[in-house]
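Computed from the coordinates by the stated procedures, all read-outs in this text should not be read as laboratory data. In this text, all values refer to a predicted model and were calculated from it rather than measured experimentally. Quick reminder, even Gly has a Cβ in these numbers, built from the backbone with ideal geometry, and neighbours come from all protein chains shown.
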Amino acid sequence: MNQYNVLDHDVEINGQTILATLEGVSRFSETYKQQVRDALADNGIDDPKPNEWYSQQAWLDAFGVLATELEPHLLDRIGEQIPETADWPTGLSTVEDALRSINIAYQQNHRGGEIGYYRVTEIDDKVGTIRCKNPYPCPFDRGIIRAVTQQFAPVERLVFIEETGEKCRREHGDACVYTVYW
């Protein structure tokens, strides 16, 4: 699998998630905000509406443009905004719950075929492993994982994410595996 290429061409993403991303980048410079809007528009997502669905491939194509034009770290920052601004499960109280909520949110914000997953494969004392089998870029996934972990980790704890899988999606692997320490 390759990041930026859908698992299934029928998959769609809800407009609320796209709008959440636009809301999240409102914290960035005006130049970045305009480049995000332009990348979306250039890929057929001109004026997203919260209750409409859009091609996941168009969304990913916009991510590819942003990674090339603005550096991949922007995708990490966008990922960090997703749990705050997208349709997300409520009632979470622990890091473990938060990590598991990533897949729940992912499933409710995508439809139309094989979308992949975020699967917590191991949780131990202040360490978790999450397998990301989806077409999103690695920096975006790390941003999401970091954001949900930081939200529920004790304030005094440092959150650290390490890629620990054998072969990353960047290298055409099937999935990326991250170990999260908090």
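On the principal axes of its alpha carbon atoms, the stretch 106-182 extends 40, 29, 20 Å, with the longest extent given first. By the helix-only formula, in which each DSSP H run with n ≥ 4 contributes -39500 (n - 2.57) and the sum is divided by residues, the chain has a 222 nm mean residue ellipticity of -14000 deg cm²/dmol. Orientation-averaged projection of the stretch 17-95 equals 5.8 nm² [convex hull of Cα atoms, one quarter of hull surface area]. Distance between the 7 Å Cα→Cβ label points at Asn5 and Tyr117: 2.3 nm.
Cross-link reach is defined here as a Cα-Cα straight distance under 26 Å, omitting same-chain residues fewer than 8 places apart; for Lys133 the lysines meeting it are Lys167. Placing pseudo-labels 7 Å out from each Cα toward the beta carbon at His73 and Asp38 gives an inter-label distance of 2.1 nm. Each residue of the stretch 64-131 gets 117 Å³ once the volume of the Cα convex hull is shared out per residue. Take the Cα radius of gyration of the stretch 1-138 and divide it by 2.2 N^0.38 Å, N being the number of residues; the result is 1.04. Quick query: amide H of Cys168 versus all other amide H atoms, modeled in the peptide plane; which residues come in under 5 Å with a sequence gap of 5 or more or a different chain? Residues meeting the amide H criterion: Gly173.
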